[in-house]
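Reading through the structure tokens given below for one structure.
Read-outs: derived from the displayed coordinates by stated rules, not from any lab. Predicted model, so just to flag it, every value in this text is computed and none were measured. A quick note on method: Cβ atoms are made from the backbone with ideal geometry, for glycine too, and the neighbour counts reach across all protein chains shown.
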Amino acid sequence: MRIVVIGGVAAGMSAASQAKRRAPSADVVVFERGAWISYGSCGIPYNIMEPARTLDDLVVLQPDVARKERGIDVRVRHEVLAIRPERKVVEVRDLDQCAAREEPYDRLVVATGAVPVRPPLPGIDLPGVFVLRTLPDGAVLKRHVGETNPHEAVILGGGYIGMEMAEALRRRGLRVTILERAPQILPGHHDEIARTALEELKRNDVLVKTGVSVASVVQGATPGLLVVHTDQGAVATDLVLVAVGVRPDVTLAQAAGLKMGASGAVAVDDRQRTNVPHVFAAGDCAEATHRVSGLPVWVPLGTTANKQGKVAGANAAGADERFAGIVGSAAFKLFDLEVGRTGLGMREIRELGLDAVASVSRHRTRGHAYPGSRMIHTVLFVQRENRRLLGAQMAGGDAVAKRIDVFAAALQAGMTIDEVEQLDLTYAPPFAPVYDPILIAAGVAMKDLAGRR
């Protein structure tokens, strides 16, 4: 059996490794157009933050190790140009030798990931304008910061990458301005969470402008100077980071006749199968089922990519594994603030036509007499009809990411808010008050459902 995987990193290498474990005699081949096959892309902003660190710190698996120790035929700098499912071949170009040839497959895993959105703005391709998605992107940006010593940075977009890079660049000594087109930063988050993040940005001297439409980026009067023109005036800067989002990289999949979902990503079933026989898809190019709504969604996260890749690889090797779906859990750090979310937000809830309450609570994170306690802000979304927890968002300075995991588990279990309020959570003054903020938030939500505080 010959199993071909298009793309490395999280989903691709998970698929290849799992396929080789399940079918040791199979010929498992990975075609990766870049030079790295496995790295922690989520760690790039933190690496950029520290000038002395090399990007090699983020590399998880080297190609030669994958070949020698795992028996995977890894071919870096090989770009797949086309998938021919009617003949079960892929057309591949060796980027070093500029030669193209056809490679056969018995099973195919598409793990082409996602690509940064580049708005069609004049000047978006000027020197000094960057995107950040891959390790090569990070290498180019870090080298530029180190070599040119910029003083000003403009970040287009107030999402996760914008938040993390605002901290990274501030810690490198740059003055940072965030320009966000939406009325608030962190679109999709509740006002309480976005406002808390905005206060943290201001506390660290990051200038934030929301409701801003960017018209163009132009070269300034001096070398290295850029000017970002917006409907609220011009901003001069040394560096522009475009962080307005990503989209699934599905060009190959679409051309090969793979069905796309409503999100624009590849539609798959719970075994990661596509509509084309013997072809699987996984990771940031594929949809996943949301366990709360029951609908296919596109939420590109490393955890999901690894799990989907593992299922796709196992099934490509003849197994019958299933991917359980997601609840959309994510977290990030912003200076001294942690922000996390899981489940549905109010926009998704309204789109589903559900009647829900958004309950806001604030509480300290440690025992009242223990030093270092911080405020934690929690927003819970609870369905009125059956009191089912639909989503949770948190922002604070103490263990937010781990507390959001409790809500993620509750969502996966389909718990009501009454059941969450009765969870037997740990208590010790260094970690939590007698009633953890999780329990406090659940209790407040129960009162809000009853129409009282």
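Dipole of the chain (Lys/Arg Cβ +1, Asp/Glu Cβ -1, origin at the Cα centre): which of Gly233, Pro120, Tyr370 lies farthest to the positive side?
The listed residue farthest towards the positive side: Tyr370.
What spacing in nm lies between the two simple spin-label points modelled at Asp231 and Asp269, each 7 Å away from Cα in the Cβ direction?
With each label point 7 Å from Cα toward Cβ, the separation is 4.6 nm.
For region 272-324 and region 1-58, what is the centre-to-centre distance using only Cα atoms, to the nearest Å?
Region 272-324 and region 1-58 have Cα centres separated by 17 Å.
Can you give the charge dipole size of region 365-453 about its Cα centre, rounded to the nearest 20 debye, using +1 on the beta carbon of Lys and Arg and -1 on the beta carbon of Asp and Glu?
Working: 10 positive and 9 negative charges, 56 e Å.
With only Lys, Arg, Asp and Glu charged at Cβ, the dipole is about 260 debye.
To make sure I understand the rule: partners must be lysines, Cα under 21 Å from the Cα of Lys68, and not fewer than 8 residues away in the same chain. Which ones qualify?
Answer for Lys68, where 21 Å is the Cα cut-off: Lys20, Lys310, listed by chain and number.
If you add up the charges near Arg347, with Lys and Arg at +1 and Asp and Glu at -1, over every other residue whose beta carbon is less than 14 angstrom from its beta carbon, what do you get? Intermediate values should be presented prior to the final figure.
Numbers: positive: Arg341, Arg350; negative: Asp191, Glu348, Glu351.
It works out to a net charge of -1.
Give me, ordered by chain and number, the residues 5 or more places off Thr416 or on other chains with an amide H under 5 Å from its own placed amide H.
Residues meeting the amide H criterion: Leu389.
Computed from these coordinates, which is Cα extents along the principal axes in Å: (1) 102, 46, 42; (2) 70, 53, 44; (3) 68, 60, 40?
So the calculated entry is the one marked (3).
Quote the relative contact order of region 1-96 in percent (integer), defining contacts as alpha-carbon pairs under 8 Å separated by 6+ residues. Working shown, then result.
Numbers: 162 pairs, mean separation 26.0, N = 96.
RCO, region 1-96: 27 percent.
I need the peptides 397-403, 184-190 ranked by packing, meaning the mean over residues of other C-beta atoms within 10 angstrom, with the highest value on top. Intermediate results must be reported in sequence, preceding the final value.
On the way: 397-403: 18.9, 184-190: 21.0.
Ranking, from highest mean packing down: 184-190, 397-403.
Roughly how many Å is it from the Cα centre of region 130-160 to that of region 342-357, as a whole number?
Each part's Cα centre sits 35 Å from the other's.
For Lys259, list the lysines whose Cα falls under 18 Å from its own Cα; do not include residues on the same chain fewer than 8 positions away.
Cross-link targets: Lys88.
Can you spot the lysines whose alpha carbon is less than 30 Å from Lys447's alpha carbon? Ignore those fewer than 8 places along the same chain.
By straight Cα distance, Lys447 reaches Lys402.
What shape does region 330-449 take by its C-alpha gyration tensor, where a ≥ b ≥ c are the square roots of the eigenvalues and a/c under 1.5 counts as rounded, a/b above b/c as prolate, and the rest as oblate? Each step should come with its number before you reach the end.
Values: a/c = 2.10, a/b = 1.54, b/c = 1.37.
Here region 330-449 falls in the prolate category.
Among residues other than Ser14 whose Cβ falls under 13 Å from its Cβ, what is the net charge (Lys/Arg +1, Asp/Glu -1)? Please report the intermediate quantities before stating the final value.
Values: positive: Lys20, Arg21, Arg22, Arg70, Lys307, Lys310; negative: Asp284, Glu321.
Once positives and negatives cancel, what remains is +4.
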